[in-house]
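The values are calculated or read from the model by the stated rules, or taken from the named source; none is laboratory data. Keep in mind it's a predicted model, so treat the numbers as computed, not measured. A quick note on method: Cβ atoms are made from the backbone with ideal geometry, for glycine too, and the neighbour counts reach across all protein chains shown.
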């Protein structure tokens, strides 16, 4: 009986162990997301956008540099160091008496360490499997991410209403310790190190900019991430009157929708640029539904659609970026993180301001408009390419007739 292509990477022991460490780590990290969002909303809802910005802005400022560092050094060692740093921050969240200034500091430290963690992790995954299983490994790590997010948000919602936020942060710290232990047990080939040289960061930026398919994927990611997927601010702000339980439920529905999309992408095999117009159109429709929803159940349907659309967009963008030259992987994925998390960092304050000035539904209206604009542009570009191809084919047929 043959193994489905989507799960063939699990045959490789190193990748299986890696996934085994990732699942509890991602799960507990998203439990922490719910706990931290609830703490901040209780202290001052207007501060949530700035907390999100501090968590993700370092990826914009330091991400490209960390990507160059990843390409120069041992990727597993860097990942272990980053995991240890994130675990220490989670432990401090658990033990400290949290005030807004302290939360700002811890969020900023978390963001700096995460700016190293993300490119190191994404550059390590292709090294754990043969080249022909890289697409399967990428899809599976996305599935693990969404499974962990779905489970974690549900666990976070349950824990903050039962054992409290400190226990939620403490559990996350323990999950990083487990991940480090498992990373130490896997066998990884020697990292393809790039010798240090001037201009490597600029070289990575130029490479992406001069490669149209990579550049287009980054533009879509940045636009949607900044204006449409501001859920860490917009979702708890919209449903906060329903209490901690509804906040947790909304995040769970969001990530459940994302899980459906990620599983669909994994079964499909390797998604690509052709998926982006449809995914962005779904994002526009779901954001519009959330903005216009008259009751909480309809809001949850819209939020689930946003999660579904976002997972399809991410899957298509990652699959596109993984076609980059292997010597550029660290820098390309660092730029991916910078655009993704930078969009979140910029979008958080924007969403918080819109909600404060125009009401909690305003961020979803803006998100729907941005996604619709991107979908329209992608469809126009695809039509132009199809027309040029058709024109070339017609020209060739006419040449043959004249001969």
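Numerical summary
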quantity: Qualifying residue in region 379-401 (condition: over 14 Å from the mean Cα position of the chain (by Cα), buried (at least 19 other Cβ atoms within 10 Å of the Cβ), closer than 17 Å to residue 216 by Cα and at pLDDT below 80); calculated: no
quantity: Test: residue in region 31-46 that is closer than 18 Å to residue 164 by Cβ, free of Cβ contacts under 8 Å to residues at least 40 places away in the same chain and surrounded by fewer than 18 Cβ atoms within 10 Å (Cβ to Cβ); calculated: yes
quantity: Tally, over region 86-127, of residues that are under 21 Å from the mean Cα position of the chain (by Cα) and more than 22 Å from residue 62 (Cβ to Cβ); calculated: 2
quantity: Counted residues, region 147-202 - those being surrounded by fewer than 16 Cβ atoms within 10 Å (Cβ to Cβ), over 20 Å from residue 251 (Cα atoms), more than 24 Å from the chain's Cα centre (by Cα) and at pLDDT 80 or above; calculated: 4
quantity: Count of region 157-171 residues which are out of contact with any helix residue (DSSP H, G or I) (no Cβ under 8 Å at 6 or more places or on another chain) and assigned to a helix (DSSP H, G or I); calculated: 1
quantity: Residue within region 51-66 that is buried (at least 19 other Cβ atoms within 10 Å of the Cβ) and farther than 15 Å from residue 108 by Cα present; calculated: yes
quantity: Residue within region 89-103 that is modelled with pLDDT of 85 or more, assigned to a helix (DSSP H, G or I) and closer than 24 Å to residue 310 by Cα present; calculated: no
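Every residue, every condition in (1) in contact with a helix residue (DSSP H, G or I) (Cβ under 6 Å, 6 or more places away or on another chain); (2) surrounded by fewer than 24 Cβ atoms within 10 Å (Cβ to Cβ); (3) without any contact (Cβ under 8 Å) to a residue 60 or more places away in the chain, yes or no:
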position	(1), (2), (3)
344	yes, no, no
350	no, yes, no
353	no, yes, no
357	no, yes, yes
360	yes, yes, no
367	yes, no, no
370	yes, yes, no
377	no, yes, yes
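This table checks each residue for (1) in a helix (DSSP H, G or I); (2) closer than 14 Å to residue 334 by Cβ; (3) without any contact (Cβ under 8 Å) to a residue 40 or more places away in the chain.
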{"position": "66", "(1), (2), (3)": "yes, yes, no"}
{"position": "79", "(1), (2), (3)": "yes, yes, no"}
{"position": "106", "(1), (2), (3)": "yes, no, yes"}
{"position": "110", "(1), (2), (3)": "yes, no, no"}
{"position": "119", "(1), (2), (3)": "yes, yes, no"}
{"position": "132", "(1), (2), (3)": "yes, no, yes"}
{"position": "137", "(1), (2), (3)": "yes, no, no"}
{"position": "140", "(1), (2), (3)": "yes, no, no"}
{"position": "155", "(1), (2), (3)": "yes, no, no"}
